[in-house]
Amino acid sequence: MTELRKRLFIDAQWNTGGRVNEILPRTRSDFALDNPLTGSPLASPFVVLRTLKQRKLEEVARSRSRRPAKEEKQAERGAAHRTGVRSALKEMVSDGAAAGRQSSVLHQQREHSARLIKQGGA
């Protein structure tokens, strides 16, 4: 069996012109010998070769579809924090606290939220 594997490796490398690191990760599914619709042998069989750079790009694309990017997470956190600050400000206004104290607290809260927005890049 090892002789067949060696022969297949050498033949694949010779016929495709692929590099060693492009041929080694190939699996049976990469070799198209039959027509997928009819099941009949192809007149010209082929193999799909992806370079290391292409494989890395595919991995990155798969990982992005699974989890949000760091920037997206930060933006979500910033939006949630700003929403929390807004609701806290609305509560303070609706509580009917003393007018002088209320305006100074609102001013401090606004300054604080403005600083957070500038730091978060939002």
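The values are calculated or read from the model by the stated rules, or taken from the named source; none is laboratory data. Given the structure is predicted, the values throughout are model-derived calculations rather than measurements. Reconstructed Cβ throughout: ideal geometry from the backbone, glycine too, with neighbour counts over all protein chains shown. Areas reflect the complete protein model, heavy atoms only, side chains present, ligands, DNA and RNA absent. Shrake-Rupley method; radii C 1.70, N 1.55, O 1.52, S 1.80 Å.
Structure values in brief
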read-out: Inter-residue pairs, beta-carbon under 6 Å, first within 15 Å of Leu52 (Cβ to Cβ) and in the stretch 1-27, second hydrophobic (A, V, I, L, M, F, W, C) and surrounded by 11 or more Cβ atoms within 10 Å (Cβ to Cβ), 6+ apart; value: Gly18/Leu49; Glu22/Leu49; Ile23/Ala12
read-out: Listing of helices (runs of 4 or more DSSP H) fully contained in the stretch 24-122 that carry 3 or more residues being modelled with pLDDT of 70 or more; value: 52-66, 99-120
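For (1) open to solvent by 70 Å² or more (accessible area, probe 1.4 Å); (2) among the hydrophobic types (A, V, I, L, M, F, W, C); (3) within 14 Å of the chain's Cα centre (by Cα), each residue gets a yes or a no:
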{"site": "Asp30", "(1), (2), (3)": "no, no, no"}
{"site": "Pro41", "(1), (2), (3)": "yes, no, no"}
{"site": "Pro45", "(1), (2), (3)": "yes, no, no"}
{"site": "Leu52", "(1), (2), (3)": "yes, yes, no"}
